[in-house]
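Q: Sharing a structure here in structure tokens format.
The values are calculated or read from the model by the stated rules, or taken from the named source; none is laboratory data. Owing to the predicted nature of the structure, the values given are computational and were not obtained by experimental measurement. A quick note on method: Cβ atoms are made from the backbone with ideal geometry, for glycine too, and the neighbour counts reach across all protein chains shown.
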Amino acid sequence: MPGPSRDIAPPAEPQRPSVLVLVGPTASGKTEISFRLARALGGEILSADSRQLYRYLDIGTAKPALRIRRAIPHHFVDSLLPDEQFSAGEFGQQGRQVIEEILARGRRPIVVGGSGLYVRSLIDGIFEGPGRNRRLRALLEGKAESGGVGDLLEELRAVDPESAAKADPTKPRRIIRALEVYHTTGEPISVLQRRNRSLIGFVPVQFGLEWDRAALYKRIERRCAAMIEEGLLREVEELERRGYRPPLNALNTVGYAEAFAFRRGEISYAEMLRLFERNSRRYAKRQLTWFRSDRRVRWIPMSENRTPSEVARDITDLFLRSCPTQTGVRRRQ
């Protein structure tokens, strides 16, 4: 009786659908472009913004206008009250479920946001690992104090060279956590993180909006002034009336923090605006640093001469070319 044929290939792994992800710093134009992307691709928008989640935080979070949300379904906008807690890990888990539901409806999920950890949690997963082992953690922290971070890094290099190669000696907590996970589970954290990523049921296709730094800062300053003119202080007053005040995490946000300080009489109006602009620029810089560390992001040059429609058209074309064999992915006329 003949043996099994060696020419029979194993069944091919099902092709994962592509999901468009649009990232960029504050004031880069993501909202205007995402609306046009959703219209062109027949999509629904997932907001990867850790503050647009909250009700009553509209002006200060640059939340999409109600008319846009009525025209295009938006997920994770106005989902929580300001005193409710929500983590990046929860966003990743719930967001992937929403993506599956959108795809099942034959529509296109479009992820849009500037909260880097939320985006990473969604497209890569966040490995939370075992709970803290206080005894082991204390032992490792003691080693760091007595022998320095270098000794811990050498120990990590012996059991998890991949994590050691990425480790930052100025951030010993991550080195300690990697060793804690290894000694608790018997497996390197790098292996466990890869295993977690394999559960993602789609392929993220990421685009970033890239502005000249000076031009971006001018846009930020204009936006800050516009938010004040549109009624940010009235919005903060209404939050107070509803009983929402610092130190709620949702209100520990650029714009709201300065407005609350002004209302408490701690700073002048001019100082409020100055700090609002400065802290917004600093936040944009942190966002850019985060997103530029991900080499999968394809950066789209931006300028005031390019309209949101032109940029959206270019991104749509690039996205469609990235997944030409998938059915149901066509430009809407």
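Q: Which of the residues belonging to the stretch 105-133 are in contact with a Pro (Cβ under 7 Å, 6 or more places away or on another chain) and either part of a helix (DSSP H, G or I) or on the phi > 0 side of the Ramachandran plot (or both)?
A: Within the stretch 105-133, just I123 meets the criteria.
Q: If E90 satisfies all but one of (1) closer than 28 Å to F207 by Cβ; (2) assigned to a helix (DSSP H, G or I); (3) over 21 Å from the mean Cα position of the chain (by Cα), what's the number of the condition it fails?
A: (3)
Q: Let me ask something additional. Which one of A38, A88, A62 is modelled with pLDDT of 95 or more, in contact with a Ser or Thr (Cβ under 8 Å, 6 or more places away or on another chain) and crowded, with 16+ Cβ neighbours inside 10 Å?
A: Of A38, A88, A62, the one residue that is modelled with pLDDT of 95 or more, in contact with a Ser or Thr (Cβ under 8 Å, 6 or more places away or on another chain) and crowded, with 16+ Cβ neighbours inside 10 Å is A62.
Q: Turning to a different aspect of this structure: When E187 is evaluated against the numbered criteria (1) closer than 24 Å to G92 by Cβ; (2) under 25 Å from the mean Cα position of the chain (by Cα); (3) outside any helix (DSSP H, G or I), which criterion, by number, is the only one it fails?
A: (2)
Q: Select, from L209, L273, L251, L233, the only residue that is in contact with a Ser or Thr (Cβ under 6 Å, 6 or more places away or on another chain), among the aliphatic types (A, V, I, L, M) and either under 20 Å from I59 (Cβ atoms) or surrounded by 14 or more Cβ atoms within 10 Å (Cβ to Cβ) (or both).
A: Working: L273 fails: in contact with a Ser or Thr (Cβ under 6 Å, 6 or more places away or on another chain); L251 fails: in contact with a Ser or Thr (Cβ under 6 Å, 6 or more places away or on another chain); L233 fails: in contact with a Ser or Thr (Cβ under 6 Å, 6 or more places away or on another chain).
Answer to the check: L209.
Q: I need the full set of residues from the stretch 213-268 which are touching a Phe, Trp or Tyr at 6+ places or on another chain (Cβ under 9 Å), more than 21 Å from G24 (Cα to Cα) and basic (K, R), in order please.
A: R242, R245
Q: Another question, then. So which of T61, T31, T26 is part of a helix (DSSP H, G or I) and of a type in the set (S, T, Y)? Let's see the steps before the verdict.
A: Values: T61 fails: part of a helix (DSSP H, G or I); T26 fails: part of a helix (DSSP H, G or I).
That would be T31, the only listed residue that is part of a helix (DSSP H, G or I) and of a type in the set (S, T, Y).
Q: I need the full set of residues from the stretch 252-293 which are touching a helix residue (DSSP H, G or I) at 6+ places or on another chain (Cβ under 8 Å), aliphatic (A, V, I, L, M) and farther than 25 Å from L22 by Cα, in order please.
A: A257, A259, A261, I267, M272, L273, L275 - these are the residues of the stretch 252-293 that are touching a helix residue (DSSP H, G or I) at 6+ places or on another chain (Cβ under 8 Å), aliphatic (A, V, I, L, M) and farther than 25 Å from L22 by Cα.
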